[in-house]
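The structure under discussion appears below in the form of C-alpha cells.
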Amino acid sequence: MSEIRRIVVVGGGTAGWMAAAALAKTLGTREREIVLIESEQIGTVGVGEATIPMILMFNRVLGIDEDQFIRETRATFKLGIEFVDWRRLGHSYFHPFGLYGADMDGVPFQHFWLRHQANGGEADHGRFNAETLAARENRFMRVPPEQTQRLPRINYAFQFDAGLYAAFLRRYAENLGVVRQEGRIVDVTRHGESGEVTAVVLDDGKAVEGDFFIDCSGFRALLIGETLGVGFEDWTHWLPANRAAAVPCQSAGELTPFTRATAREAGWQWRIPLQHRIGNGYVFSDAFLSEDEACRLLMERLDGEALAEPRILRFQAGRRVRTWDRNVVALGLSSGFLEPLESTSIHLVQAGIAKLLAHFPTRRSEPLLAAKYSREMSEEYDSIRDFLIAHYKLTERDDTPFWRHCRDMAIPDSLAERLEIFRSRGEVLVGQQELFKETNWFAVLIGQGLMPHGRHPVADTVDEATLARTLNHIRGAVAERVAGMPPHERYLRDARLSQNSTPLGIV
C-alpha cells in the first residue's frame, strides 16, 4: 500500500478545522499535503459552545495565546455546570471542574467528608471545592503556578462562539499551509478491490484525490456511513432526547463563569453566557413534546431579547460501530452524538484527534491500528454515555411523562454496577483512560440524591478531632482562595484588553 502523502478533511466547522489545525501543527505540511473541503452552502450545527478543561491542552499543543483566543472567540471562563431542577423541582447542584478537598492516606476526600457529614459536620460539600465556591460568588482568576503550593488551584474551561472558534482555527491552519477547497461533494470514488476511498467529487466536476480521509461531514456521515456503510448503534432507549431548539439572545445581568442546565418538562434547557450574547437551547424528545411547543417554551424563558428565530436540530444519540474503517476516520458528529449535557462534544473531537495522532498510519491501510483506534473511541463514548444516563435515571421527578419514563427506564449493566458500588461504599471504579473521574461521579451522584450507605474503611481510622481539624483547614483554604479572586466580568475585561501573551495551562 502507498504511503500517506495527501490527507483530505471532508467538512469544516469546529471538528474539521480542529483536525486540520492539529494535523498541520504536528505532522507538518512539507512532507504531506492537507486539504479541507467545505461548502458555504452547507451550514454547521454550531451549538458546541461550552467546553471542559481538556480544551486547554489542545490549545497548548497548538501554541495558541490564551488572551488572543478569548478576544477572538468572545469567550468567557467556565468553572463547571449548574444543574437546576434535575433531582426535583426547586433543587440545584453544581458539577465543578477540579477536586474536592484533598486525598488523605491515598483515599479520595469524599470518603472522609461522608463520615464527617454523617456525624453532624459540614453538609455542604461544595465548600470544599474552590470552583464551586467561586461560581456561587461569580468570581474567577487564573492562578500563577507559584501560588498553588499554598492555596487550592483553579481548574477552568471556556464558553465561546463555536463559529468564531472555527474561523480562528481556519486562519491558524491556513497559516501553516492547509489548503481550503470550496465546494459541495456530490460523489465519492473508491478503489475497486480494497474499497478504500480514493477521491471525492465536487459539484463543479473536480475530483479531490487523497490517501487518507477525515470525515467531518456532520450527521450525514458522508464517508463513514453513506459510502463505507459502517453501522450506527442507537442509544435512544437510554438517551431519549432527539431534538434541540437553539436561539441566541441578548446578554442580561452579570457574565457567569459557568454553564446552566435547567431540567424542563420534556428535557432540559442550556444557558451559555458569552461576551456578546447568551446561547440558549432546549434539548427534548419529540415523543413527549412537539417542535413548535419546544420553540415557544424556549422563547418564553430567555433572559434577554432573542437575536434570531429558533432553529431545530434533529439528532439521534449513539455512535458508529467503528470510527476508523479502511482509510477513513470519522470525527465529530459523523462518529457519533452525545447530547451537550456535560459539554463533551468538542472533547470527543479532541480525543479522536489525539488518538489518531498517536496511531497515525504510515500506509493507507492499517487494519490493526484501525481496530485499536475504533475500540478506544468506542470505550470513550460508552463511558460518557453512562455518565449522561445517570443524570436522567437518578431523579425524584414524576411530574411529567418524560421524567417518569427516565426514572423507570432500564439502564446499561455497566452503569447499574457503578451505581450499586457507589450506593454501597461511596466510590465509582473508574478506568484510567475515562474522561470522568471519581470526583465527577461524586458531584453528580450526590447532586442527584444518591447518598452512599457506606464508605472506604480507611476513612474511619482517623480520630474525630483530627478529621474535623483537617476539614476545617481545607474549607478555610478554599474560602481564602476564592476571597482573593476578582469578579469574573472584571477579570474577563482585563484578559480581553491584555495584549501580552498568557501561557496556556496556568491554573
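The values are calculated or read from the model by the stated rules, or taken from the named source; none is laboratory data. Everything numeric here is computed off the predicted structure, so don't read it as measured data. Please note: Cβ atoms are built from the backbone with ideal geometry, for glycine as well, and neighbour counts cover all protein chains shown.
Filtering the range 30-63 to residues that are among the β-branched types (Val, Ile, Thr) and either under 18 Å from Gly12 (Cα atoms) or at pLDDT below 90 (or both) leaves Ile34, Val35, Ile37, Ile42, Thr44, Val45, Val47. One residue stands out in the range 203-260 among those that are assigned to a helix (DSSP H, G or I) and among the charged types (D, E, K, R): the one that is farthest from Met141 (Cα to Cα), namely Glu226. In the condition set (1) among the β-branched types (Val, Ile, Thr); (2) over 30 Å from Arg260 (Cβ atoms); (3) surrounded by 16 or more Cβ atoms within 10 Å (Cβ to Cβ); (4) touching a Leu at 6+ places or on another chain (Cβ under 9 Å), Val186 is compliant with all but (3). Scanning the range 417-430 turns up no residue that is surrounded by 15 or more Cβ atoms within 10 Å (Cβ to Cβ), more than 26 Å from the chain's Cα centre (by Cα), of a type in the set (A, V, I, L, M) and modelled with pLDDT under 95.
Tell me, yes or no, whether the range 171-181 has at least one residue that is within 26 Å of Ile81 (Cα to Cα), touching an Asp or Glu at 6+ places or on another chain (Cβ under 9 Å) and not aromatic (Phe, Trp, Tyr). No: the range 171-181 contains no residue that is within 26 Å of Ile81 (Cα to Cα), touching an Asp or Glu at 6+ places or on another chain (Cβ under 9 Å) and not aromatic (Phe, Trp, Tyr).
Yes or no, residue by residue, for (1) in contact with a strand residue (DSSP E or B) (Cβ under 8 Å, 6 or more places away or on another chain); (2) surrounded by 15 or more Cβ atoms within 10 Å (Cβ to Cβ); (3) not assigned by TED's automatic domain parsing to the domain that holds Val10:
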residue: Asp292; (1), (2), (3): no, no, yes
residue: Arg301; (1), (2), (3): yes, no, yes
residue: Thr323; (1), (2), (3): yes, yes, no
residue: Arg326; (1), (2), (3): yes, yes, no
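On inspection, Met377 does not qualify as surrounded by fewer than 19 Cβ atoms within 10 Å (Cβ to Cβ), among the aliphatic types (A, V, I, L, M) and closer than 19 Å to Trp235 by Cα. Scanning the range 110-128 for residues that are farther than 15 Å from Thr461 by Cβ and in contact (Cβ under 8 Å) with a residue 40 or more places away in the chain gives Gln110, Trp113, Gly121, Glu122, His125, Arg127, Phe128. When the range 174-193 is filtered for residues that are assigned to a strand (DSSP E or B) and closer than 18 Å to Asp204 by Cα, the ones remaining, listed by number, are Val179, Arg180, Gln181, Glu182, Ile185, Val186, Asp187, Val188, Thr189. Among the residues of the range 360-373, those identified as in contact (Cβ under 8 Å) with a residue 24 or more places away in the chain and either outside any helix (DSSP H, G or I) or buried (at least 23 other Cβ atoms within 10 Å of the Cβ) (or both) are Phe360, Pro361, Thr362, Arg363, Arg364, Ser365. In the range 338-360, of all residues being touching a Gly at 6+ places or on another chain (Cβ under 7 Å) and closer than 21 Å to Ala20 by Cβ, the one that is modelled with the highest pLDDT corresponds to Val349.
Per-residue answers, yes or no, for (1) farther than 24 Å from Gly267 by Cβ; (2) modelled with pLDDT of 90 or more; (3) surrounded by fewer than 20 Cβ atoms within 10 Å (Cβ to Cβ); (4) not assigned by TED's automatic domain parsing to the domain that holds Phe436:
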residue	(1), (2), (3), (4)
Arg87	no, yes, no, yes
Pro108	yes, yes, no, no
Ala118	yes, yes, yes, no
Ala130	yes, yes, no, no
Gln147	yes, no, yes, no
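You will find that of Ser217, Ser251, Ser194, the residue that is assigned by TED's automatic domain parsing to the domain that holds Gly13, in contact with a Gly (Cβ under 7 Å, 6 or more places away or on another chain) and over 22 Å from Asp382 (Cβ atoms) is Ser217 and no other.
Selection of first residues in the range 192-204 that are free of Cβ contacts under 8 Å to residues at least 24 places away in the same chain and of second residues that are hydroxyl-bearing (Ser, Thr, Tyr), restricted to Cβ pairs under 6 Å at least 6 apart or on distinct chains, gives the following pairs, ordered by first then second residue: Thr198/Thr189; Ala199/Thr189. Meeting the requirement of 1 or more residues that are touching a residue at least 60 places away in the same chain (Cβ under 8 Å) and in the same structural domain as Ala123 (by TED's automatic domain parsing), the helices (runs of 4 or more DSSP H) wholly within the range 394-507 are 438-447, 464-483. Taking the conditions exactly as written (surrounded by 19 or more Cβ atoms within 10 Å (Cβ to Cβ) and aromatic (Phe, Trp, Tyr)), does Phe219 satisfy them or not? Answer is no for this residue. Quick check, is Ala135 hydrophobic (A, V, I, L, M, F, W, C) and free of Cβ contacts under 8 Å to residues at least 24 places away in the same chain? In short, no.
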